[in-house]
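Below is one structure, written out as structure tokens; comments come after it.
The values are calculated or read from the model by the stated rules, or taken from the named source; none is laboratory data. Every value quoted in this text rests on a predicted model; they were computed, and no experiment measured them. Counting neighbours? That spans all protein chains shown, and the Cβs are built from the backbone with ideal geometry, glycine included. Surface accessibility is based on the protein's heavy atoms, side chains included, excluding ligands, DNA and RNA. Shrake-Rupley method; radii C 1.70, N 1.55, O 1.52, S 1.80 Å.
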Amino acid sequence: MSENTATRTVVVSHPNGLCMRGASSICQFAGVFQAKIELIKDGQRVSAEDALEIVLLVAECGSQLVIEATGPDAEEAVDALAKLFADNFGLTA
């Protein structure tokens, strides 16, 4: 039986880019799902559960990232993280 994989391209729209607070929010969301979730930027792939790795992507405002999830709840995980990006990680400018 093959695992479900889901991907979505998102754009960092927060004026400060993907900062540590945003990365922490991503980690909290990612930890809720069974799926393995990774963020990909310019060929660099990092775990969505590692805030330091996420920050080291240096994703500034306007950067495109791919969210990739593999597992039983992959689609739900990608949807939730895409919404988090759209909501600027719950942060104000």
Checklist entry - Mind checking which residues of region 49-93 are farther than 17 Å from Ala6 by Cβ and aromatic (Phe, Trp, Tyr)? => result Phe89
Next on the checklist: On the basis of being touching a residue at least 40 places away in the same chain (Cβ under 8 Å), of a type in the set (Gly, Ala, Ser) and surrounded by fewer than 17 Cβ atoms within 10 Å (Cβ to Cβ), does Gly62 make the cut?
Outcome noted: yes
Next on the checklist: If I ask for residues that are over 14 Å from Leu81 (Cβ atoms) and among the charged types (D, E, K, R), which ones from region 1-40 would you list?
Outcome noted: Glu3, Arg21
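Can you tell me which of Ser13, Ser25, Ser47 is without any contact (Cβ under 8 Å) to a residue 40 or more places away in the chain and of a type outside the set (Asp, Glu)?
Ser47
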Checklist entry - Which residue out of Ile26, Ile54, Ile67, Ile37 is under 11 Å from Arg8 (Cα atoms), in contact with a Leu (Cβ under 9 Å, 6 or more places away or on another chain) and open to solvent by less than 10 Å² (accessible area, probe 1.4 Å)? => result Ile67
Checklist entry - When region 1-50 is examined, which residues are found to be at negative phi, of a type in the set (Asp, Glu) and at pLDDT 95 or above? => result Glu38, Glu49, Asp50
